[in-house]
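Notes to accompany the following structure.
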Amino acid sequence: MYQEITVKDFLPVLLEQIKFVDSILDVGCGIGSLLELYEANLVVGLEIHRPYLLHRDFKSPHIIPIHADARQMEFLFLPKSFSAVTFIDSLEHFSMEDGKKLLEMAEKISTNRVVVFTPRGFFPQSGIDHYHLNGELYQKHWSGWEPEDFLSMGYEVLILKGFHHAENPSFRESFGADHPPLDAIMACKII
């Protein structure tokens, strides 16, 4: 399935994708500003940059922070450990090769679905940490994803038309204030 929509806020679209899951592994959660909005009984935020977890936005006891490299997921979690695995603005921080391996791992760890939210195409974000927590190394984008990448792996693809625009500081730094908006991709694979 391939569909295009125009929305200003991706959150309702994301929450619709994960509304009936019991547990979520959120890969590359950063400071976790979305995690308390998830309705799952258990949420694990996996993050490589420890200061993000130390300064996290979430305090709920059902949200567990884990400091580890996502590329080690298959050693951290047994198959079928979570209802859903999400990559929200994180997959582009890996090379295409590593990203595909991560998706394969996520599909084994999940019992229900894998959900990805990422820019469409390459968004040349340099290493700027807008949280001011010295995570510049982890903020750089290493890959750009197109709908075909996900469709070929069995994902349903929803394009959020013009989602990235000059109101986003990273967008302005990468493209300039006058650049036309770019699309985002929400990809979901039912396991």
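Step through the table entries 19/189; 80/189; 101/140; 101/189; 80/100; 8/100, compare each Cα-Cα distance with 22 Å, and write down the pairs that go over it.
8/100, as the Cα separations exceed 22 Å there.
Carbon and sulfur together cover what percent of the accessible area of the chain at a 1.4 Å probe radius?
53 percent
So with the 1.4 Å probe, I'd like the accessible area per residue for the chain, rounded to whole Å².
That works out to 49 Å² for each residue.
Provide the per-residue ³J(HN,Hα) series for the range 107-117, in order, calculated from phi with Karplus coefficients 6.51, -1.76, 1.60 and θ = phi - 60°, each as a whole number of Hz, with x at glycine and proline positions.
Listing the rounded values in order: 5, 7, 6, 8, 9, 10, 6, 10, 10, 10, 10 Hz.
Once amide H atoms are placed 1.01 Å from N in the peptide plane, what residues at a sequence separation of 5 or more from residue 162, or on another chain, have their amide H within under 5 Å of its amide H?
Amide H to amide H, under 5 Å and 5 or more residues apart or across chains, residue 162 pairs with 183, 184.
Once you have the Kirkwood Rh of the chain from its Cα pairs, apply Stokes-Einstein at 4 °C and 1.567 mPa s and quote D in µm²/s. Spell out each step's value before the answer.
Details: Rh = 16.7 Å.
Stokes-Einstein gives a translational diffusion coefficient of 77 µm²/s.
Along the range 158-164, what does the Karplus equation 6.51 cos²θ - 1.76 cosθ + 1.60 (θ = phi - 60°) give for ³J(HN,Hα), rounded to whole Hz, x for Gly and Pro?
These are the phi-based 3J(HN,Hα) values: 10, 9, 9, 5, x, 5, 8 Hz.
Spelling out what I want: for every residue of the range 50-58, take phi, set θ = phi - 60°, compute 6.51 cos²θ - 1.76 cosθ + 1.60 (Karplus), and round to whole Hz; glycine and proline get x.
Karplus-based 3J(HN,Hα) across the range 50-58 equals 3, x, 4, 6, 5, 10, 5, 7, 10 Hz.
About its Cα centre, what dipole magnitude does the range 1-68 give when the only charges are +1 on Lys and Arg Cβ and -1 on Asp and Glu Cβ, stated in debye to the nearest 20? Each step should come with its number before you reach the end.
Details: 5 positive and 9 negative charges, 50 e Å.
Once rounded to the nearest 20, the dipole reads 240 debye.
For a quick size check, give me the Cα extents of the range 1-67 along its three principal axes, largest first, whole Å.
37, 22, 18
Long-range amide H contacts for residue 88: which residues qualify at under 5 Å (H placed 1.01 Å from N, peptide plane, sequence gap of 5 or more or a different chain)?
So residue 88 has HN proximity to 27, 117.
The values are calculated or read from the model by the stated rules, or taken from the named source; none is laboratory data. Please read these numbers as outputs of a predicted model, since none were measured by experiment. Heads up, the Cβs are rebuilt from the backbone with ideal geometry, glycines too, and the neighbour counts pull from every protein chain shown. In case anyone asks, the SASA skips ligands and DNA or RNA and just uses the protein heavy atoms, side chains included. Shrake-Rupley method; radii C 1.70, N 1.55, O 1.52, S 1.80 Å.
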